[in-house]
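Notes for the one structure printed next.
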Ligand code: AMP
Ligand code: MG
């Protein structure tokens with residue numbers, strides 16, 4: 001095999017993404033919308049706040065009436081009533097008058113400011129206290145003081161959320177404020193996960209010589225669920241064509257939108273996976289110019305997109321990150337398929353074999369805003385702790401073999417917030 005048979009990562013990714021389409025939309029109750037991806041822009045029907053209201057417990061008044069007031073020279077205003085949150089003051093406030101007001105209550109007509117209770121002669125701890133006839137004002141306030149104006153958060157007609165963004169708790173809150181009980185979202189992708197290999201035993205079993213626990217199946221389910229997609233656990237297929245076909249059939253029966261398997265994708269060696277996939281589907285076996293994660297099986301099995309990732313746990317996770325994650329997000333309707341990347345200064349000298357290399361790294365932010373990175377140590381593709389210690393993947397670009405210390409490189413910030421926007 002010559003170099004020409006290797007696919008650069010970006011080319012491989014473009015070919016993978018071409019297999020996927022955004023799933024149809026559905027409507028879910030607001031209560032179940034967190035974590036889903038919004039399928040339509042949201043235009044505000046109402047302004048928020050819907051009416052001018054008080055930001056404090058205190059007295060609504062005309063700011064001009066507080067002119068010159070201080071602790072030693074308070075101004076006395078006539079209290080003409082009171083307004084609590086949830087009700088409306090009936091009447092118009094005039095010069096020399098005040099209305100006792102609670103946080104969130106509408107500003108009475110005629111008032112242009114609120115003074116907080118602490119700046120009056122009244123005791124703010126005592127809400128049961130009967131309304132006084134007069135209130136002494138001990139500070140000067142300007143117009144608009146402690147008023148939260150209608151539309152100061154958002155205005156009716158304004159686009160407040162865009163399709164393709166993940167709904168977080170704060171978006172749930174905004175949708176509730178705007179009176180959206182049913183939310184249009186994309187259907188969640190269903191991803192069938194299949195581990196393959198006679199050496200694999202489930203997590204609850206004792207280790208015996210020659211066997212290892214199926215870690216990829218569990219890690220992949222977690223990667224899928226972290227994206228808000230549904231993981232369908234198809235178990236472990238033994239290295240026989242029958243078992244593999246049966247497990248894949250279970251995925252077809254479960255209506256999965258995508259198969260993700262691990263192991264058995266290296267070409268050259270006879271492997272039951274290659275054989276079954278080539279017969280039952282239209283699958284290509286690629287070598288991607290990346291490290292870890294060189295072998296990849298990509299295509300359709302029973303008409304369903306299929307991504308066969310390498311078996312080594314680090315390779316499986318990194319190639320999931322690079323190919324499966326964007327594919328799932330594309331199906332899920334997410335606008336942004338990429339993790340945030342940042343420029344980091346890689347502290348140590350490091351080598352690569354010329355493939356695009358994903359160094360598991362510890363990235364630190366410094367007070368001046370700069371980011372530095374070091375490797376997590378042994379970068380073997382079986383070394384799971386290299387990922388456990390990492391908070392990002394630093395990329396050594398294709399063709400760069402020697403990386404001197406303090407080289408600026410790009411890092412995929414795998415543990416950085418806001419990745420789905
Ligand atoms: P293979 O592609 O079958 O040659 O597997 C490559 C390496 O990955 C071998 O050391 C396997 O034992 C290991 N491996 C394969 N599948 C899994 C899995 N599900 N969990 C953990 N290790 C695995
Ligand atoms: Mg195997």
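Computed from the coordinates by the stated procedures, all read-outs in this text should not be read as laboratory data. These numbers come from a predicted model, not from an experiment. Note: ideal-geometry Cβ built from the backbone for every residue, glycine included; neighbour counts use all protein chains shown.
A few points about this structure:
- Net lengthening on full extension, residue 222/residue 206 (0.36 nm per residue, minus Cα-Cα): 3.5 nm
- Given their separation in residues at 0.36 nm each and the Cα-Cα distance between them, residue 88 and residue 337 gain 84.8 nm when the chain is fully extended.
- The antiparallel fraction among DSSP beta bridges confined to the chain stands at about 65%.
- Among 285, 320, the ranking by other beta carbons within 10 Å of each residue's beta carbon, starting with the fewest, stands as 285, 320.
- Unit Cα scatterers, Debye sum, the chain: log10 I(q)/I(0) for q = 0.07, 0.09, 0.10 Å⁻¹: -0.53, -0.71, -0.78
- Between the helical axis of 241-253 and the longest alpha-carbon principal axis of the chain there is an angle of about 30 degrees.
- With the convex hull drawn over the C-alpha atoms of the stretch 152-215, the volume per residue is 154 Å³.
- Ellipticity at 222 nm from helices only: DSSP H runs of n ≥ 4 in the chain, each -39500 (n - 2.57), divided by the residue count, give -4500 deg cm²/dmol.
- The stretch 319-393: C-alpha pair distances exceeding 19 Å, %: 47
- Modelled this way, with points 7 Å down the Cα-to-C-beta line, the labels at residue 95 and residue 384 are 8.0 nm from one another.
- Between the alpha-carbon centres of the stretch 225-264 and the stretch 287-347 there is a gap of 17 Å.
- Förster radius 35 Å - calculated FRET efficiency between residue 242 and residue 11 (Cβ-Cβ, nearest 0.05): 0.50
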